[in-house]
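Asker: Pasting a structure below so you can have a look.
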Amino acid sequence: MVIGALSLKLAIFEAVTLKDKRRVVNSLKERLLGKFRVSVAEVGSLDHHKQAELGVAMVANDHRFVESCLHKIVDYVRLDRSATLVDWEIEFY
């Protein structure tokens, strides 16, 4: 069993309030859930309206498959216009 964890740090420049940020974050979370079938949660920067940190987790039996999917998620988020990917990190357990 391979568990892959992806940490995403995002900047949301257009957000003026926390409500704006939540709208962007929730939309991105729902799209990641639907497209990649992974677990997604907002895990940091909860009180900052211009920043967001998401945690993404995936479990499978093939290390290369998990790594490939997590990299596809990074590419997907990088192309998203509502948020800017600032940093990311992948860990395996």
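Read-outs: derived from the displayed coordinates by stated rules, not from any lab. Predicted model only: the values in this text are computed from it and were never measured. Quick reminder, even Gly has a Cβ in these numbers, built from the backbone with ideal geometry, and neighbours come from all protein chains shown.
Asker: Among the lysines in the chain, how many pairs, 8 or more places apart or on different chains, have alpha carbons under 17 Å apart?
Answerer: 11
Asker: Between residue 51 and residues 5 or more places away or on another chain, which pairs have amide H atoms under 5 Å apart, with H built 1.01 Å from N, and which residues are they?
Answerer: Under 5 Å from the amide H of residue 51 lie the amide H atoms of 12, each far enough along the sequence or on another chain.
Asker: Across 5 Å bins from the origin, how do the percents of Cα pairs in segment 2-92 run, short distances first?
Answerer: Histogramming segment 2-92 at 5 Å steps yields 3, 15, 28, 25, 16, 8, 4, 1, 0 percent.
Asker: Enumerate the residues in segment 69-93 having an amide nitrogen under 13 Å from the point lying 7 Å beyond the Cα of residue 23 toward its Cβ.
Answerer: It comes to 82, nothing else.
Asker: Can you pull the one-decimal nm distance between simple spin-label points at residue 65 and residue 46, each 7 Å off the Cα toward Cβ?
Answerer: A separation of 3.4 nm, rounded to one decimal place.
Asker: Next question, about the same structure. How large is the dipole of the chain about the Cα centre if only Lys and Arg carry +1 and Asp and Glu carry -1, each at its Cβ, rounded to the nearest 20 debye? List each step's numbers first, then the result.
Answerer: Values: 14 positive and 13 negative charges, 79 e Å.
It comes to approximately 380 debye.
Asker: I've got another one for you. For residue 80 and residue 39, compute 0.36 nm times the residue count separating them, minus their Cα-Cα distance, and round to one decimal in nm. Could you put the intermediate results ahead of the total?
Answerer: Working: separation 41, 0.36 × 41 = 14.76 nm, distance 1.86 nm.
Going from the current span to full extension adds 12.9 nm.
Asker: If we count every other residue with Cβ under 14 angstrom of residue 79's Cβ, Lys/Arg +1 and Asp/Glu -1, where does the sum land? Write down the numbers at each step before the final one.
Answerer: Values: positive: 31, 35, 72, 78, 81; negative: 75, 80.
Result for the neighbourhood of residue 79: +3.
Asker: For residue 36, what charge total do you get from the other residues with a beta carbon under 12 Å from its beta carbon, if Lys and Arg give +1 and Asp and Glu give -1?
Answerer: Values: positive: 29, 31, 35, 37, 72; negative: 30, 75.
Overall, the nearby charge balance is +3.
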